[in-house]
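Inspection log for the structure reproduced underneath, given as structure tokens.
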Amino acid sequence: MPQPVMQNGTARRRLRLSLVAFGLALSALNAADTTDNSACTPVQAEPRQWSVSLRWENDTFAGTDRFYTDGVSLSLAHTGSSWLDPLADRLPWGLGRRTVSYEAEQIMVTPSDTTRPTPDPNDRPYAGILSVGLSLHVERDNHYNGLKFITGVVGPWSLADETQKQVHRWVGSTQPQGWDYQLHNEPIINLVYEHRRKYRLLGEPLRLAVEVLPVGNIMLGNVLTQGQIGGQFRFGFNIPDDFGTTLMRGMVHLPPPRQPTNTNAPKWGVYVFGGGSANFVLRNITLDGNSWKDSPSVDKEWFVPAAEVGIGIVTRRSTVAFAYVFWGKEFKGQPDYSEFGAFTLSYRF
């Protein structure tokens with residue numbers, strides 16, 4: 001097996017300092033959020049609302065089968081009180097509309113040429129991740145804060161090998177040949193913290209409107225350690241009263257929209273959205289390889305840009321959205337950026 005590539009020490013130190021500074025900046029934003037709670041709109045009690053959401057990301061929409069090739073996540077969430085209330089009560093941003101979500105996810109990545117029995121050591125390694133997640137979301141006025149705990153496994157126990165081969169049998173695609181060289185089994189633990197804000201630039205609720213949503217998050221763990229800063233914009237009719245969309249490299253799922261109290265509110269809405277982000281990556285196990293064992297690896301890029309465009313349709317009970325995502329080069333020697341589609345379906349009851 002090829003040895004993991006050692007990263008430049010100076011670059012690592014600079015990136016660590018950048019992540020620390022990014023975390024301090026997010027803390028400062030939260031301090032500003034909680035400086036004067038009396039000035040905030042009082043939190044209104046609402047009936048408990050359940051929602052189930054499916055998210056599927058796949059590069060089939062781009063006509064490719066390489067790099068980040070598939071991700072699927074299923075979530076069950078509810079608003080209102082929960083067993084996480086004691087934790088939320090102790091958080092500086094814990095006052096607001098609370099949502100708890102339980103999630104199960106599988107991700108797979110492959111090299112650019114999956115027909116080679118022995119993968120190119122300079123190409124991205126085969127890797128699969130199977131995980132469960134627990135998220136706490138808190139919304140207050142135009143602020144959102146989310147905290148997520150992820151645990152699971154990377155390696156053969158993720159069943160990514162069997163999943164990809166079975167799907168390829170169903171659709172009649174060429175079988176991947178190099179999964180014997182995937183990363184070894186390793187337990188994973190990751191934390192995600194995300195902060196969002198929402199500003200309406202034009203229009204009014206339940207009508208045509210334009211919104212922008214600045215986003216920042218930080219991820220810590222043996223899967224991903226990185227900082228991200230970016231934003232989204234939305235334009236449309238009856239835009240849902242929520243905090244936008246996200247990707248599986250983040251919170252994955254966000255709280256369901258608030259339901260309008262106006263009985264004359266439209267029963268449907270449609271909107272387009274777009275956005276971008278800058279990702280500052282200190283560790284990515286699917287590129288750096290296993291933490292404690294020799295495994296395939298490549299020399300990763302520490303700065304990865306991303307962009308997306310999409311459309312969403314919302315009703316009183318459901319939301320359907322599709323985004324086309326452009327993801328920057330993640331390792332040195334990568335021939336081109338990645339593209340994939342992201343489909344989201346959620347139902348509220």
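Values in this text are rule-based calculations from the coordinates and carry no lab data. None of the values given here were measured: they were computed from a predicted structure. Using ideal geometry, Cβ is built from the backbone for each residue, glycine included, and neighbour counts are taken over all protein chains shown.
Quick one: which residues, 5+ away or cross-chain, put their amide H under 5 Å from the amide H of residue 112? H built at 1.01 Å from N.
67, 124
Residue by residue through the stretch 58-64, which ³J(HN,Hα) values in whole Hz follow from phi under the Karplus form 6.51 cos²θ - 1.76 cosθ + 1.60 (θ = phi - 60°), with glycine and proline marked x?
7, 7, 4, 4, 9, x, 10
Once you put a point 7 Å from the Cα of residue 318 and another 7 Å from the Cα of residue 235, both along the Cβ direction, what distance in nm separates them?
Roughly 2.8 nm, to one decimal.
For residue 104 and residue 201 in the same chain, what is the full-extension length gain: residue separation times 0.36 nm, less their Cα-Cα distance, in nm? Mind dumping the intermediate values first?
On the way: separation 97, 0.36 × 97 = 34.92 nm, distance 3.58 nm.
Contour length minus Cα-Cα distance gives 31.3 nm.
Taking the beta-carbon count within 10 Å as an exposure proxy, list 83, 327 from fewest neighbours to most. Show your work: numbers first, answer last.
Details: 83 7, 327 21.
Going from least to most buried by this count: 83, 327.
Suppose a student asked you for the relative contact order of the chain, using Cα pairs under 8 Å spaced at least 6 residues apart; what percent would you report? Kindly include the intermediate steps, with their values, before the conclusion.
Numbers: 877 pairs, mean separation 61.5, N = 349.
18 percent.
Going by a ≥ b ≥ c, the root eigenvalues of the Cα gyration tensor, does the chain fall in the rounded group (a/c under 1.5), the prolate group (a/b larger than b/c) or the oblate group? Mind showing how you got there, number by number?
On the way: a/c = 1.92, a/b = 1.53, b/c = 1.25.
Prolate, because a/c is 1.5 or more and a/b exceeds b/c.
Explain nothing, just compute: Karplus ³J(HN,Hα) = 6.51 cos²θ - 1.76 cosθ + 1.60, θ = phi - 60°, for every residue of the stretch 90-105 in order, whole Hz, x for Gly and Pro.
9, 8, x, 10, x, 8, x, 6, 9, 9, 10, 10, 10, 9, 10, 9
Just to confirm my numbers, what's the Cα centroid distance between the stretch 223-251 and the stretch 81-145 in Å?
13
For the chain, what does the helix formula give at 222 nm: sum of -39500 (n - 2.57) over DSSP H segments with n ≥ 4, over the residue count, nearest 500 deg cm²/dmol? Numbers along the way, then the final one.
Values: 4 runs with 48 residues, N = 349.
One gets -4500 deg cm²/dmol as the mean residue ellipticity at 222 nm.
Using the Cα gyration tensor of the stretch 138-187, with a ≥ b ≥ c the square roots of its eigenvalues, what is the shape: rounded (a/c below 1.5), prolate (a/b larger than b/c) or oblate (neither)?
Values: a/c = 4.72, a/b = 2.03, b/c = 2.32.
Verdict is oblate for the stretch 138-187.
Check the straight Cα-Cα distances from residue 300 and name the lysines below 19 Å, setting aside those fewer than 8 residues away within the same chain.
Partners found: 329, 332.
Going by how many other beta carbons lie within 10 Å of each one, how would you line up 347, 126, 271, 181, fewest first? Provide the component values of the computation, followed by the final result.
On the way: 347 15, 126 24, 271 21, 181 18.
Ranking 347, 126, 271, 181 by Cβ neighbours within 10 Å, fewest first, gives 347, 181, 271, 126.
Taking neighbour Cβ counts within 10 Å as the exposure measure, how do 171, 272 sort from fewest upward? Walk me through the intermediate numbers first.
Numbers: 171 7, 272 12.
By the 10 Å Cβ count, ascending, the order reads 171, 272.
Give the Debye-formula value of log10 I(q)/I(0) at each listed q (0.18, 0.24 Å⁻¹), with one equal scatterer per alpha carbon of the stretch 185-299, two decimals each.
Evaluating at q = 0.18, 0.24 Å⁻¹ gives log10 I(q)/I(0) of -0.91, -1.33.
Taking the chain as the reference, fit the longest principal axis to its C-alpha atoms, fit the long axis of helix 9-34 to the helix C-alpha atoms, and give the angle between the two in degrees, 0 to 90, nearest 10.
The two axes meet at around 10 degrees.
Taking H as built 1.01 Å from N, whose amide H comes closer than 5 Å to the amide H of residue 299, not counting residues under 5 places away?
The answer is 332.
Students often forget the sequence filter, so: which aspartates and glutamates lie under 18 Å Cα-Cα from residue 293 once same-chain residues fewer than 8 apart are removed?
Filter leaves 180, 186.
Once both labels are modelled 7 Å past Cα along the beta-carbon direction, what's the residue 95-residue 278 spacing in nm?
Going by the 7 Å Cα→Cβ label model, 3.4 nm.
Could you give the length gained by full extension between residue 141 and residue 262, i.e. 0.36 nm per residue of separation minus their alpha carbon distance, to one decimal place?
Fully extending the segment from residue 141 to residue 262 adds 41.7 nm.
Gain in length, residue 87 to residue 212, computed as 0.36 nm per residue apart minus the alpha-carbon separation, to one decimal in nm?
Details: separation 125, 0.36 × 125 = 45.00 nm, distance 2.98 nm.
That pair, residue 87 and residue 212, stretches by 42.0 nm at full extension.
Can you compute the label reach from residue 62? Point 7 Å from Cα along the Cβ direction, backbone N cut-off under 11 Å, restricted to the stretch 251-275.
none
Applying the Karplus parametrisation 6.51 cos²θ - 1.76 cosθ + 1.60 with θ = phi - 60° to the phi angles of the stretch 157-170, what ³J(HN,Hα) value in whole Hz is obtained for each residue in order, glycine and proline being reported as x?
Couplings: 5, 6, 6, 5, 4, 5, 5, 5, 5, 5, 4, 5, 5, 4 Hz.
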